[in-house]
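A short worksheet on the structure shown next.
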């Protein structure tokens, strides 16, 4: 039996953002589903998280939701195949990353930023080997990419920009995922 492939998607849960970000979330969810990925996410049915969830659910992807215990009621508005509640942010991030074969990030707030930085640092330390994608149709993360480059320029870091892929359109994302071979990876689940 073929192993299921899971994509963690970190992104905003706010419904108050510009609708162009929603379109990016729908495209990401559709492309992930079309490329055989299932979803691991923060178990919230609003904002970009909700868009990715609904798109992947409509495309018959399996769903793993990971919620903080204080928000466990959020599962009532979702139909997850697996549900996990954890007490701390660190537990949540670790579980979502460890349940995933690939890590994708859309625009988001401080929680998403934390997830990106933790993932990059874990990969730098060789604690994980999952591909990391920052999917950024709206150039939202361009200042972050520039800051990471500046950290390398001033030698605060020597390799952080080589640890992720910065993808800015659906065609690039589809090509990237189509060419990705994660079956040979030895993942710890």
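The values are calculated or read from the model by the stated rules, or taken from the named source; none is laboratory data. Small disclaimer: the values here were computed from a predicted structure and weren't measured. Neighbour counts run over all protein chains shown; Cβ positions are idealised from the backbone, glycine included.
Here is how the numbers come out for the structure above:
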| quantity | calculated |
| --- | --- |
| Residue in segment 140-164 that is modelled with the highest pLDDT, counting only those that are surrounded by fewer than 16 Cβ atoms within 10 Å (Cβ to Cβ), in contact with a helix residue (DSSP H, G or I) (Cβ under 7 Å, 6 or more places away or on another chain) and within 18 Å of residue 128 (Cβ to Cβ) | 161 |
| Some residue of segment 99-109 being in a strand (DSSP E or B), touching a strand residue (DSSP E or B) at 6+ places or on another chain (Cβ under 6 Å) and more than 20 Å from residue 19 (Cα to Cα) | yes |
| Among (1) part of a loop (DSSP other than H, G, I, E, B); (2) under 26 Å from residue 121 (Cβ atoms), the one test that residue 93 misses | (1) |
| Residue match in segment 77-85 (condition: at pLDDT below 95 and either more than 18 Å from residue 8 (Cβ to Cβ) or assigned to a strand (DSSP E or B) (or both)) | yes |
| Selection count where residues are more than 15 Å from residue 137 (Cβ to Cβ) and either surrounded by 15 or more Cβ atoms within 10 Å (Cβ to Cβ) or out of contact with any strand residue (DSSP E or B) (no Cβ under 7 Å at 6 or more places or on another chain) (or both), scope segment 14-41 | 11 |
| Of residues in segment 165-189 being at pLDDT 95 or above and part of a loop (DSSP other than H, G, I, E, B), the one nearest to residue 148 (Cα to Cα) | 168 |
| Within segment 16-68, tally of residues that are in a loop (DSSP other than H, G, I, E, B) and on the phi < 0 side of the Ramachandran plot | 11 |
| Qualifying residues in segment 122-147 (those that are assigned to a helix (DSSP H, G or I) and free of Cβ contacts under 8 Å to residues at least 24 places away in the same chain) - the one farthest from residue 23 (Cα to Cα) | 147 |
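Yes/no matrix, rows are residues, columns are (1) out of contact with any strand residue (DSSP E or B) (no Cβ under 6 Å at 6 or more places or on another chain); (2) surrounded by fewer than 21 Cβ atoms within 10 Å (Cβ to Cβ):
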{"residue": "45", "(1), (2)": "yes, yes"}
{"residue": "48", "(1), (2)": "yes, no"}
{"residue": "51", "(1), (2)": "yes, no"}
{"residue": "58", "(1), (2)": "yes, yes"}
{"residue": "68", "(1), (2)": "yes, yes"}
{"residue": "80", "(1), (2)": "no, yes"}
{"residue": "83", "(1), (2)": "no, yes"}
